[in-house]
1. Looking at 165, 155, which one is modelled with pLDDT under 95 and either open to solvent by 50 Å² or more (accessible area, probe 1.4 Å) or over 16 Å from the mean Cα position of the chain (by Cα) (or both)?
2. If I ask for residues that are over 13 Å from residue 48 (Cβ atoms) and of a type in the set (Gly, Ala, Ser), which ones from segment 63-100 would you list?
3. Could you check, for segment 23-37, whether at least one of its residues is on the phi > 0 side of the Ramachandran plot and at pLDDT below 90?
4. Being within 23 Å of residue 119 (Cα to Cα), out of contact with any Cys (no Cβ under 6 Å at 6 or more places or on another chain), open to solvent by 30 Å² or more (accessible area, probe 1.4 Å) and not in a helix (DSSP H, G or I) is the filter here, so list the residues in segment 42-62 that pass it.
5. Any chance segment 132-145 includes a residue that's in contact with a strand residue (DSSP E or B) (Cβ under 8 Å, 6 or more places away or on another chain) and at pLDDT 55 or above?
6. Test each condition in (1) modelled with pLDDT under 95; (2) on the phi < 0 side of the Ramachandran plot for residue 65 and report the one that comes out false.
7. Is at least one residue of segment 99-120 touching a helix residue (DSSP H, G or I) at 6+ places or on another chain (Cβ under 7 Å), open to solvent by 80 Å² or more (accessible area, probe 1.4 Å) and touching a residue at least 12 places away in the same chain (Cβ under 8 Å)?
Amino acid sequence: LGGPDPACIEMFESILAKNNNNNTNNTNNNPPRKLNLVAFSNGPRKYVSRVLKEIGLARFFAEENSLFAVTDVLPHCKPDKGSFDLVLKRIGNPPPEECVMVEDSMKNVRAAKALGMKTILVVGKGRRRNSSSVSGNSDGSDGNLLSDRNAENAEATKQGDAPDETDPAVDAVVEVASEIGDVLDMWLGA
């Protein structure tokens, strides 16, 4: 898994800090906006918990009803509408229009969008089509042919599910999770 990503952890810490600041320093007379972070995976709970711990994000999903695994939504799983309905119910039935789904699966992005959620597609580092890559390669690759070939082969196994930033269900695109905060700041005017 590669271990913790300091930039991603910093982004999550920033979200929590803004949550706390919004509730104590609200000078614009608008209702405070609190982002509730929820992890929702088709993997088993034990695996998802281990992954979150390995990448340094477990503490952001430690509260009750902040982590949902496939066993929490059976007999459904993403992208079934029933799985989303169960999670939304367990977190207090927020309107889907107030929710953001961050995904790398187009099937799940489309399902979230059909419910009315905002969507952020994670395409993978150096794989974004509509911007220059971090490495400066004009083709969007990271310059490592084996890595690029492996990524292409993996995407080929996801028929109809590979990231497609041109899909109308996609509201925003990031390469890596640490960029999610920038999108949220833009949307929330932070």
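1. One residue alone meets the criteria, 155.
2. Answer for segment 63-100, where residues must be over 13 Å from residue 48 (Cβ atoms) and of a type in the set (Gly, Ala, Ser): 82, 83, 92.
3. Yes, segment 23-37 contains a residue that is on the phi > 0 side of the Ramachandran plot and at pLDDT below 90.
4. If the condition is that a residue be within 23 Å of residue 119 (Cα to Cα), out of contact with any Cys (no Cβ under 6 Å at 6 or more places or on another chain), open to solvent by 30 Å² or more (accessible area, probe 1.4 Å) and not in a helix (DSSP H, G or I), then 55 is the only one that fits.
5. No: zero hits.
6. (2)
7. Among the residues of segment 99-120, not one is touching a helix residue (DSSP H, G or I) at 6+ places or on another chain (Cβ under 7 Å), open to solvent by 80 Å² or more (accessible area, probe 1.4 Å) and touching a residue at least 12 places away in the same chain (Cβ under 8 Å), which makes the answer no.
The values are calculated or read from the model by the stated rules, or taken from the named source; none is laboratory data. None of the values given here were measured: they were computed from a predicted structure. Neighbour counts run over all protein chains shown; Cβ positions are idealised from the backbone, glycine included. Ligands, DNA and RNA are stripped out before the accessible areas are found, and what is left, the full protein with its side chains, is counted by its heavy atoms. Shrake-Rupley method; radii C 1.70, N 1.55, O 1.52, S 1.80 Å.
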